[in-house]
Amino acid sequence: MSEPTFFIITRGETKLMKPLIVANWKANKTISEATSWVEKTKAPLGSLEKIQVVVCGSFVTLPLLNNLFSGTSVKVGAQTVSHLGQGAFTGEVTAEMLQGLVEYCIVGHSERKKYFAETDQMIVKKVEFLLEKKIIPVLCTANQEQLESYLKESLAIREKAEEIIFVYEPPSAISGGGDYHPETPEAADQVCKSIKEKIGREVVTIYGGSVNPENIKSFLSMPEIHGALPGQASLEEETFVRLVSVASEAVI
């Protein structure tokens with residue numbers, strides 16, 4: 001697998017990567033279900049040139065996804081990675097193990113913090129391991145305070161910020177279950193802008209939280225939002241293809 005690259009487009013006077021749509025399947029899809037999903041989406045997703053699509057499946061589906069999407073523009077990503085190195089850590093999947101299977105990896109999702117007690121210290125170690133192995137971290141942050149914590153814990157995050165995808169992912173907007181409150185595009189855009197301000201230079205910022213085909217265009221129309229991290233909307237083939245198609249049409 002070639003070293004990951006950012007695809008550049010021009011928006012106004014600023015050069016940014018091609019808008020990024022990262023599908024997060026979470027704890028869903030068996031091998032047969034994943035195969036069926038790819039068979040139904042491979043052609044339409046591969047034909048969209050204005051959008052970079054990344055599909056993040058469970059660890060057990062990654063070899064399959066890597067094989068089925070080989071030769072297409074669709075990239076494969078993991079949903080998490082171990083904060084520990086190689087060694088006697090039963091059940092862990094390290095960044096070394098992901099090399100050759102994925103080009104992206106989600107880190108610090110609010111569900112990992114909620115259900116698996118991930119700390120900011122653990123999250124920044126994951127980012128550092130991924131950067132070492134040339135896998136692009138898709139780093140989730142719930143708010144500005146959490147980003148400040150990441151920057152305080154890891155010098156690498158600031159120094160290598162151009163190699164990281166920063167996701168504004170407010171837990172209150174996650175639609176996986178319970179009461180949730182979708183963020184407005186305007187509010188999300190302001191947080192993405194503040195992320196860049198705290199880092200001190202242009203970086204890639206995307207939004208995650210109740211993104212769907214009906215609202216994706218409004219989020220991508222914001223100047224500081226360069227893509228999205230849909231969860232629920234990525235599970236059903238037709239819905240996800242429609243979301244990505246609308247996103248592609250929204251790109252100027």
Simple SL model, points at 7 angstrom along Cα→Cβ for residue 133 and residue 84; separation in nm is 1.5
Residues whose placed amide H lies under 5 Å from that of residue 78, excluding near-sequence neighbours: 104, 105, 106
In whole Hz and in residue order, list the ³J(HN,Hα) couplings for the stretch 183-192 that follow from phi through the Karplus curve 6.51 cos²θ - 1.76 cosθ + 1.60, θ = phi - 60°; x for Gly and Pro. 6, 7, x, 5, 5, 4, 5, 5, 5, 4
Gyration tensor verdict on the stretch 207-252 (Cα atoms; rounded if a/c is under 1.5, prolate if a/b is larger than b/c, oblate otherwise): oblate
For the chain, dividing by residue count, accessible area per residue (probe 1.4 Å) in Å² works out to 45
Please give the charge dipole size of the stretch 153-246, origin at the Cα centre, charges +1 on K and R Cβ atoms and -1 on D and E Cβ atoms. Round to the nearest 20 debye. 260
DSSP beta bridges in the chain: the antiparallel percent, rounded to 5, is 15
Which value in deg cm²/dmol, rounded to the nearest 500, describes the helix-derived mean residue ellipticity at 222 nm for the chain, given -39,500 (n - 2.57) per DSSP H run of n ≥ 4 and division by the residue count? -11000 deg cm²/dmol
Which one, 46, 77, 57, has the greatest fluctuation when you compute a Gaussian network model over the chain with C-alpha springs under 10 angstrom? 46
For residue 228, the residues 5 or more places away or on another chain with a placed amide H closer than 5 Å to its own amide H are 20, 21, 22, 207
Rounded to a whole number, what % of the accessible area of the chain do carbon and sulfur atoms account for, probe 1.4 Å? 51
With a/c under 1.5 counting as rounded, go ahead and sort the stretch 6-153 into rounded, prolate or oblate using the C-alpha gyration tensor (a ≥ b ≥ c being the square roots of the eigenvalues; past the cut-off, prolate if a/b is larger than b/c, else oblate). oblate
Whole-Hz ³J(HN,Hα) for each residue in the stretch 76-82, computed from phi via Karplus 6.51 cos²θ - 1.76 cosθ + 1.60 with θ = phi - 60°, x for glycine and proline: what do you get? 10, x, 9, 9, 5, 7, 5
Candidates for Kirkwood radius over Cα pairs in Å are (i) 18.6; (ii) 18.0; (iii) 19.7, and the calculated one carries label (ii)
What spacing in nm lies between the two simple spin-label points modelled at residue 197 and residue 119, each 7 Å away from Cα in the Cβ direction? 3.1
Where a ≥ b ≥ c are the square roots of the eigenvalues of the C-alpha gyration tensor, would you call the stretch 170-252 rounded, which needs a/c under 1.5, or, failing that, prolate if a/b is larger than b/c, or oblate? oblate
Which ³J(HN,Hα) values, rounded to whole Hz and listed in residue order, are derived for the stretch 141-152 from phi using the Karplus coefficients 6.51, -1.76 and 1.60 in 6.51 cos²θ - 1.76 cosθ + 1.60 with θ = phi - 60°, glycine and proline given as x? 9, 7, 6, 5, 4, 5, 4, 4, 5, 4, 5, 6
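The values are calculated or read from the model by the stated rules, or taken from the named source; none is laboratory data. What you see is a predicted model, and the numbers here were worked out from it, not measured in a lab. Note that we place each Cβ from the backbone using ideal geometry, even for glycine, and neighbour counts take in every protein chain shown. SASA here: full protein model, heavy atoms, side chains in, ligands and nucleic acids out. Shrake-Rupley method; radii C 1.70, N 1.55, O 1.52, S 1.80 Å.
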